[in-house]
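To keep things clear, I will list the structure first and then write my remarks on it.
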Amino acid sequence: MNNKNLIYEKVHLVDDNPIVNMVHEQIIKRSGIAKQINKFTNPLKALEVLEMDLMDPNHNILVLLDINMPEMSGFEFLDMASKFMDYRNNFELIMVTSSIDPKDMVKATGHHLVSRYVTKPLTLTQIFDFVRTPSLNSA
C-alpha cells in the first residue's frame with residue numbers, strides 16, 4: 001500500500017453478508033485509501049465502534065453501509081448515527097447496496113449523512129471516483 005494514497009484512517013464495512021464484506025475489504029486494500037479496514041455484520045456493533053473511533057479527532061473514517069440488514073436497516077443505522085453530527089467532518093458515509101429501488105436511492109441521497117449511493121458490488125473505479133469528486137452533502 002502506498003501511504004501517499006491514504007485518505008482515511010479507517011474504513012468500516014457494514015453489511016450483514018460476510019462474503020460481501022470480504023470482497024469489499026480486498027477492493028479497499030487494493031485502492032490503498034485506508035490504514036485500517038473493519039468489517040461488521042452487526043450494525044449495532046459498527047455504531048459502537050464508530051462512536052469510539054470518533055472520539056479521536058485525528059481519525060478520518062469512511063463508512064460503507066448496506067440498506068437491507070436483519071438487525072436494523074441502513075436507514076435505522078443512519079437515524080442512530082445522526083447523533084454523530086458534531087463529528088461530521090471526521091467521517092463520510094456511503095450507501096453500498098444491492099437495492100435498485102428508486103425510493104431507496106431518493107431516501108438515502110436525501111439523508112444528511114449520506115455522501116453517495118452506489119450499487120454492489122463496489123468497484124475500484126467507484127472508490128477512486130468518490131475520493132476524487134465532491135460528495136452529495138459536502139459543505
For the stretch 10-24, what are the residues that are surrounded by 17 or more Cβ atoms within 10 Å (Cβ to Cβ) and not aliphatic (A, V, I, L, M)? LYS10, HIS12, ASP15, ASN21, HIS24
Among the numbered conditions (1) modelled with pLDDT of 90 or more; (2) closer than 16 Å to ILE7 by Cβ, tell me where SER82 comes up short. (2)
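For the condition modelled with pLDDT of 95 or more and farther than 24 Å from LYS120 by Cβ, what is the one hit in GLU76, GLU25, GLU48? Working first, answer last.
Values: GLU76 fails: farther than 24 Å from LYS120 by Cβ; GLU25 fails: farther than 24 Å from LYS120 by Cβ.
Just a single option satisfies the conditions, and that option is GLU48.
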Within the stretch 31-82, restricting to residues that are of a type in the set (Lys, Arg) and closer than 15 Å to VAL11 by Cβ, the one that is surrounded by the fewest Cβ atoms within 10 Å (Cβ to Cβ) is LYS35
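The values are calculated or read from the model by the stated rules, or taken from the named source; none is laboratory data. Everything numeric in this text was worked out from a predicted model, so none of it was measured. As a convention, Cβ positions derive from the backbone with ideal geometry for all residues, glycine included, and neighbour counts pool all protein chains shown.
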